[in-house]
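A.B. asks: Sharing a structure with you now.
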Amino acid sequence: MAGVCVIGLQWGDEAKGKLVDLLTGQFDIVVRYQGGANAGHTVVAGDKTYKLHQIPSGVLTPGVMNVVGPGVVLNPPVIIEEMDRLISQGVKFEGNLMLSDRAHVVLPWHIAEDQMLDKTATTDGESIGTTLRGIGPCYRDKVGRSYAVRLGDFYRDSFRQRIAGIVEAKKKMLAGISGESVSLDAAAICDEFHRYGERLAPHVGDTTAYLLDAVEAGKRLLFEGAQGALLDVDHGTYPYVTSSNSSGVGVSAGSGVPGRWIEKVIGVIKAYTTRVGGGPFPTELKDDVGSHIRERGREYGTTTGRPRRCGWFDAVAARYTARLSGVDSLSLMMMDVLSELPQINVCVAYEVDGVRTDRFPSHADDLRRAVPVYETLPGWQQDVTRVRRMEDFPANARSYIDRISQLIGRPVEVVSVGPDRQQTIFASGALSSVT
Ligand code: IMP
């Protein structure tokens with residue numbers, strides 16, 4: 001058995017990057033399999049802070065191979081900029097990065113379309129509030145097929161002709177959406193992306209075959225999820241989701257590695273909840289407590305800098321996504337952020353139209369009407385950033401961790417009390433099956 005997955009169970013930004021970085025040394029290959037430049041993973045190592053968008057966090061650990069699978073949508077100039085920034089921070093790219101030739105490419109018209117459409121509200125009056133990185137339009141072209149461009153197409157003789165044909169069609173489409181003529185210069189785009197293709201060429205290959213060979217040879221794979229399961233296009237809070245399968249169900253489709261090779265799924269949650277962009281958020285706090293959590297947790301987007309909406313921990317949502325993602329154990333992040341609060345609420349059920357339920361609604365309209373039913377727990381009001389063993393947490397913090405574990409029905413194996421690698425507590429025997 002070869003694979004371990006790290007999946008965010010909320011609306012993204014659960015600090016998955018930190019956990020992946022800590023686990024990476026135990027693996028041969030780190031795999032990104034969905035999402036694109038919309039993701040933002042921050043890893044703090046010593047005095048250095050690394051910000052990753054499309055490149056797997058494994059590049060920070062020498063000797064580990066990093067694979068970007070076919071389910072990812074790649075933005076070439078952004079990935080090149082990311083590589084250059086990492087190189088300037090001392091990271092080496094010497095045979096340790098492979099990008100799938102099947103991965104779809106985000107092109108200028110995708111970004112233009114995302115910017116045009118995001119101004120348009122969805123049917124229930126709220127806009128999705130995307131990251132404006134062209135993610136949705138690129139995935140739409142992937143599924144639509146006629147106007148799609150994959151990384152492998154860059155190296156075919158038909159590349160220029162293909163781009164020219166798509167540009168003509170896209171100009172008409174974008175003009176239809178915006179009501180204005182749109183300038184896209186096919187020749188300039190071809191030249192620019194040809195240069196990117198040349199730069200990336202040493203890293204491009206058939207990652208599906210590579211990963212299948214790897215699992216059959218007994219290599220150990222760490223799958224690094226992007227976004228969170230509540231943003232899953234099929235199972236999340238549609239239409240306020242991203243355009244890929246960001247829950248655990250997306251791992252196989254996006255990487256090409258069948259589920260039979262997956263040994264363990266670790267669900268990552270924050271001790272509270274955040275969301276960026278539009279959409280229902282039953283436990284949202286629009287008061288001083290929400291602002292306190294935002295400031296203490298530095299809850300501003302890694303990719304867009306937007307302030308994140310903050311609220312209480314929602315156990316109804318997390319239990320749903322833990323089941324959906326096949327989670328074995330939990331990693332509870334940002335415990336230190338709640339340290340000053342005298343009382344902490346946890347949402348244990350919803351009331352929808354006066355009816356109590358512990359089921360997560362399948363329609364955004366119902367979720368919008370869901371009123372959280374809270375259980376109030378006493379805060380610990382003590383600094384926990386120096387805690388290094390589970391038994392050293394204040395009693396109320398222990399009770400909070402235990403209650404979350406009980407509500408989700410999974411053990412908490414890891415607790416994080418700060419951004420640094422050292423500020424991580426593993427339950428005794430935790431992750432032994434992956435070490
Ligand atoms: P898109 O993925 O840019 O299309 O954005 C769709 C929704 O997903 C928006 O609400 C974004 O704020 C959200 N989203 C996308 N990527 C992330 C992420 O990495 N963290 C948190 N939210 C995200």
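A.B. asks: Could you work out how far helix 315-324 tilts from the main Cα principal axis of the chain, as a 0 to 90 degree angle to the nearest 10?
C.D. replies: The helix 315-324 is inclined about 50 degrees to the chain.
A.B. asks: Sequence-distant or interchain residues sharing an amide H contact under 5 Å with Val373, placed H: which?
C.D. replies: Residues meeting the criterion, in which the H sits 1.01 Å from N, are Val348, Ala349, Tyr350, Glu351.
A.B. asks: Right, next: Write down the percent of antiparallel bridges among all DSSP beta bridges whose residues are both part of the stretch 275-364, to the nearest 5.
C.D. replies: 75
A.B. asks: Separate question: I'd like the Karplus ³J(HN,Hα) series for the stretch 233-238: coefficients 6.51, -1.76, 1.60, θ = phi - 60°, whole numbers in Hz, and an x wherever there's a Gly or Pro.
C.D. replies: 5, 9, 10, x, 8, 4
A.B. asks: When we measure straight from the Cα of Lys170, which lysines land under 22 angstrom away, once same-chain ones fewer than 8 places off are left out?
C.D. replies: Counting by Cα, and skipping residues close in sequence, Lys170 has these lysines nearby: Lys119, Lys142.
A.B. asks: Of Lys270, Lys16, Lys219, which is the most mobile in a GNM of the chain whose springs link Cα atoms less than 10 angstrom apart?
C.D. replies: Lys219
A.B. asks: Given Cβ point charges of +1 (Lys, Arg) and -1 (Asp, Glu) and nothing else, what value in debye, to the nearest 20, does the dipole of the chain about its Cα centre take?
C.D. replies: 280
A.B. asks: Could you derive backbone 3J(HN,Hα) for the stretch 408-421 from the dihedral phi with the Karplus parameters 6.51, -1.76 and 1.60 (θ = phi - 60°), listing whole Hz in sequence and x where the residue is Gly or Pro?
C.D. replies: 8, x, 9, x, 8, 9, 9, 10, 10, 10, x, x, 6, 3
A.B. asks: Same structure, new question: Taking amide hydrogens as modeled 1.01 Å from N in the peptide plane, which residues meet the under 5 Å criterion relative to Val30, leaving out close sequence neighbours?
C.D. replies: Met65, Asn66, Val67, Leu222
A.B. asks: For Lys219, which lysines qualify as cross-link partners when the Cα separation must be under 29 Å and same-chain residues fewer than eight apart are set aside?
C.D. replies: Straight-line reach from Lys219, under 29 Å: Lys16, Lys18, Lys51, Lys92, Lys264.
A.B. asks: Let me ask something additional. Considering amide H positions built from the backbone, and no H for Pro or chain starts, which residues 5 or more places from Arg306, or on another chain, come under 5 Å of its amide H?
C.D. replies: The answer is Gly301.
A.B. asks: With θ set to phi - 60° and the Karplus curve 6.51 cos²θ - 1.76 cosθ + 1.60, what are the ³J(HN,Hα) couplings of the stretch 140-155 in order, to the nearest whole Hz, using x for Gly and Pro?
C.D. replies: Whole-Hz 3J(HN,Hα) from phi for the stretch 140-155: 5, 5, 4, 6, x, 6, 4, 10, 7, 10, 9, 4, x, 5, 4, 9.
A.B. asks: Which residue fluctuates most in the GNM of the chain (Cα springs below 10 Å): Val44, Val346, Val106?
C.D. replies: Val44
All of the numbers you see were taken from the coordinates with simple rules; none came from a lab. These numbers come from a predicted model, not from an experiment. Methodologically, a virtual Cβ is constructed for each residue, glycine included, from the backbone with ideal geometry; neighbour enumeration extends over all protein chains shown.
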